[in-house]
Amino acid sequence: MSAPAVKSLTPEIAPRRAPTKLARLHPLPLRIMHWINAAAIFIMIGSGWRIYNDDVLFGWLHFPDFLVIGKWAQYGLQWHFFGMWIFVLNGIAYLSYGIATGRFRRKLFPIRLREFVATVGDALRFHLTHDDLTVYNAVQRVLYLGVILVGILIVITGLCLWKPVQFSELAGLFGSFQTIRLIHFLCMSAIVAFILIHVTLALLVPQSLVAMITGGPTVNGRPPAVAEPVRVAAPAPVVEPAPPAESAEPAGPMPDSTKER
Amino acid sequence: MSIRPVTPSLLRPHKPIDQSVSKQNRRRIETINRRGVLRGTLTLGALALLTGCDVSEEPSVQDALRAVSAWNDGAQAAIFRPDHLAPTFSPSQVVNPPRFNAYYDIQDVKPVDGAAWKLELAGLIKDQRPWTLQQIYQLPEQELIIRHICVEGWDYIGQWSGPNLRAFLTRIGADLTAKYVYFVCNDDFTESIDMASALHPQSILATKYAGAPITDPFGFPLRLRTAVKLGYKNAKWIRTIEVTNTFRPTFWSKQGENWFAGI
């Protein structure tokens, strides 16, 4: 029976709960929107490649059949014009959420050029630390903000390709139909490049991937003094004085101190 | 057995889609799907494997996708601006000859005998007397220099002229409150457009391209040219015009292309 277990857990956790409400690094609505977006992007890119193949922009580039969604062009189009609703509606929800909750302001700003350069340098020398998932470094901020802007641009150009006459005023800002196709394509390329980096880094730092599923560490501006021992699924932020002799890195706590317990 | 083209294209015949392979391999496809779903939940990379087998043709998936496509018809009708004009261009930008498109190759076009040809009228039209080509040539002409956009992604600027469709429908006493204008073509191609698009100021029954009669591959003697639809909606070699409230699937919509196809 699970009743005794719960009983024994409750007094353990209760005192640790700060009087302020604890929030997860990635709140549930955000996680849901992230994974809906992942599925929508997957549909949009795969079907977009199928549509592209019917009249290529570059003679040297055809997407192989095993990578595209839809055996025939009309299936690719069907998927694309299905996925677009998910992508756009979910995207609007995400942007509204990010702005309304202040998440964008907190997580993506400020972006400082000096930090950006320094972080790129660290990354190239494999000196990046991932001890704190809750703060994005300058490169992450630039990439996340950049991909949001590209996402907006790809929707706008997509709208212009879908309705070049109904939205002729908007389409006219970009140029000819083929120019809009090219911009739409370049936005896709930028998103694919982002995904490659994003997924690679998420796999290199698995706790970040876990955090996007479980919500990650709690954040209320004042992390709990002790890791919550019962919740093993989420790597808790462990704030403890780093043993100075042991750590060569200047950036305090070890990322995986839970392992050592 | 016919051999399918390596790269499927709207411009090549790909009907009928051979369902036998899918039927023969039904069990295998189902197995792949189950496995695929499990795999897909694990990683994005594995998800990519799912596309290797095309789930689009699965009847349930196809039904769902077509339902969304039908819903998109309504969405497109809702945002359609009846009086908003498409951009027009100068004669110097016109591509001549125009680019060919049909569900077969250009050498398979069967020319229409203009002298024997008659335009038949049907449905919700008061005056259903057929029209000869000479009679149509007597009607006032409207010229459109507009962009043709193919669903495949290519486009060109063409110079079309002929009687305005709205004026023609009015003259023959068509019910302008009906829902659809349906075209049957000499190659048995069928296409229909919504009445709002038919009444758009830039919808014409084209008889000329760049000032000369349209040549055989491009729809001689009469074709639809509207600035508010994708290329494939512009029926060529028109034989019959019917005004109707009954929706009937058309050549491309039967293949899974979007019916409204507005631009």
B:TYR103: open to solvent by 30 Å² or more (accessible area, probe 1.4 Å), touching a Pro at 6+ places or on another chain (Cβ under 8 Å) and within 28 Å of A:TRP72 (Cα to Cα), yes or no? yes
Check B:ARG147 against each of (1) within 14 Å of chain A (Cβ to nearest Cβ); (2) assigned to a helix (DSSP H, G or I) and name the one condition it does not meet. (2)
May I ask you to list the residues in the range B:113-138 that are closer than 27 Å to B:LYS179 by Cβ and of a type in the set (Phe, Trp, Tyr)? B:TRP131
Which residue is modelled with the lowest pLDDT, if the candidates are limited to the range B:41-63 and must be open to solvent by less than 50 Å² (accessible area, probe 1.4 Å) and of a type in the set (D, E, K, R)? B:ASP54
Residue among A:PHE167, A:PHE177 that alone is touching a strand residue (DSSP E or B) at 6+ places or on another chain (Cβ under 6 Å) and buried (at least 17 other Cβ atoms within 10 Å of the Cβ): A:PHE177
Being assigned to a loop (DSSP other than H, G, I, E, B), closer than 25 Å to A:ARG181 by Cβ and more than 14 Å from every other protein chain (Cβ to nearest Cβ): is that true of B:ASN101 here? no
Could you check A:GLY98 against (1) away from every other protein chain (no Cβ under 11 Å); (2) within 30 Å of B:GLY153 (Cβ to Cβ); (3) open to solvent by less than 20 Å² (accessible area, probe 1.4 Å) and say which number it fails? (2)
Set B:ALA261, B:ALA227, B:ALA212: member being away from chain A (no Cβ under 11 Å) and not hydroxyl-bearing (Ser, Thr, Tyr): B:ALA212
In the range A:51-83, anything over 15 Å from B:GLN62 (Cα atoms) and at the interface with another protein chain (Cβ under 9 Å from one of its Cβ atoms) is listed as A:ILE51, A:TYR52, A:ASN53, A:ASP54, A:ASP55, A:VAL56, A:LEU57, A:HIS62, A:ASP65, A:PHE66, A:LEU67, A:VAL68
Please count how many residues of the range A:25-50 are more than 12 Å from the chain's Cα centre (by Cα) and aromatic (Phe, Trp, Tyr). 2
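Answer with yes or no whether B:ASP83 is modelled with pLDDT of 95 or more and not hydrophobic (A, V, I, L, M, F, W, C).
Working: modelled with pLDDT of 95 or more: yes; not hydrophobic (A, V, I, L, M, F, W, C): yes.
Yes; evaluated as a whole, the condition is true for this residue.
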Determine which member of the set B:ARG129, B:ARG147, B:ARG171 is closer than 30 Å to A:GLY48 by Cα and among the basic types (Lys, Arg). B:ARG147
Taking the residues in the range B:64-87 that are open to solvent by 50 Å² or more (accessible area, probe 1.4 Å), at the interface with chain A (Cβ under 7 Å from one of its Cβ atoms) and free of Cβ contacts under 8 Å to residues at least 60 places away in the same chain as candidates, determine which candidate is nearest to B:SER203 (Cα to Cα). B:ARG81
Pairs returned, first residue in the range A:136-163 that is open to solvent by less than 30 Å² (accessible area, probe 1.4 Å), second residue that is of a type in the set (Phe, Trp, Tyr), beta-carbon separation under 7 angstrom, 6 or more apart or interchain, are A:ALA138/A:PHE116; A:THR157/A:PHE174; A:CYS160/A:PHE167; A:CYS160/A:PHE174
Subset of the range A:51-69 [in contact (Cβ under 8 Å) with a residue 40 or more places away in the chain and closer than 15 Å to A:TRP79 by Cα]: A:TYR52
Any idea which of B:SER253, B:SER197 is without any contact (Cβ under 8 Å) to a residue 24 or more places away in the chain and either in contact with a strand residue (DSSP E or B) (Cβ under 9 Å, 6 or more places away or on another chain) or not aliphatic (A, V, I, L, M) (or both)? B:SER253
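The values are calculated or read from the model by the stated rules, or taken from the named source; none is laboratory data. Small disclaimer: the values here were computed from a predicted structure and weren't measured. Methodologically, a virtual Cβ is constructed for each residue, glycine included, from the backbone with ideal geometry; neighbour enumeration extends over all protein chains shown. Accessible surface areas use protein heavy atoms only, side chains included; no ligands, DNA or RNA. Shrake-Rupley method; radii C 1.70, N 1.55, O 1.52, S 1.80 Å.
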